[in-house]
Every structure is written in structure tokens, then in C-alpha cells.
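First up is the structure itself, then whatever we jot down about it.
Nothing in this text is a laboratory measurement; each read-out follows from the coordinates by a stated rule. These numbers come from a predicted model, not from an experiment. For neighbour counting, all protein chains shown are included, and Cβ atoms are generated from backbone atoms with ideal geometry for every residue, glycine included.
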Amino acid sequence: MKYVIFKRKELIVPVITSEMATHSDLKLEGFEPVSAGFIYMPKGLIIIDNRGSESLGLKPNKELDEKYITKMVLDLPASTFLDFNNEYSNTDAK
């Protein structure tokens, strides 16, 4: 599967789609893509691949991406998707 992590102000929104879609096809109005890549979830594990998105020119930030995708899969409250420490702007994901 493919994923894109979007950010608007402090809010982080992970989006997962099939490999048939192109990363750049995924859009959320008012949000900026900050990380993208490929994800595998065998037997409940979340594995972030090293490949990034050519169409968006983004690399995965494996540690942060896994953190927020796990929160999404566990259906945690929206308050857990706030990035007050600005973690994504301090990375070299681009």
C-alpha cells in the first residue's frame, strides 16, 4: 500500500491507499504533504518501506510515519494527531 502524511498547522493526517494510485493523486484541501512512501501491514505489524514518492519528491520519515499511522490504525482520538513540537518541519523528508 502507499501512504502520504499531510500536515496543516499542527494537525497530522495520514492517508493510506492502494498501490494502484499515485502518491500525487492524494490531496487534502489546505494540507501540505510532508512525507510519503510504502507501507506493509502483515499480521498487524506496520512496516514502512525505504522507498519514497517519486511523484511528490518526498522520502518517508520511518519513525514519525510509523508513529502517526499506528495512531490512525488504532483509531486514537484526534488530539493525538497534533504536532506541537513541529517534528515534521525538523526532518529531511524532502
Å³ per residue enclosed by the Cα convex hull of the chain: 90 Å³
For the chain, with only Lys/Arg (+1) and Asp/Glu (-1) charged at the beta-carbon, what is the dipole magnitude about the Cα centre, in debye rounded to 20? 40 debye
In deg cm²/dmol and to the nearest 500, what is the mean residue ellipticity at 222 nm of the chain if only DSSP H runs of at least 4 residues count, each as -39500 (n - 2.57), divided by the residue total? -4000 deg cm²/dmol
Over the Cα atoms, compute the radius of gyration (one decimal) and Dmax (the largest Cα-Cα distance, rounded to a whole number) for the stretch 1-43, in Å. 10.7, 34
Please work out how much length the chain gains when fully extended from residue 82 to residue 11, using 0.36 nm per residue of separation minus the C-alpha to C-alpha distance, in nm with one decimal. 25.1 nm
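Write out the GluC sites (Glu not before Pro) in the chain meeting two conditions: DSSP loop, and at most 10 other Cβ atoms within 10 Å of their Cβ.
In loop regions of the chain (DSSP not H, G, I, E or B), the sparsely surrounded GluC sites (Glu not before Pro) are 19, 29.
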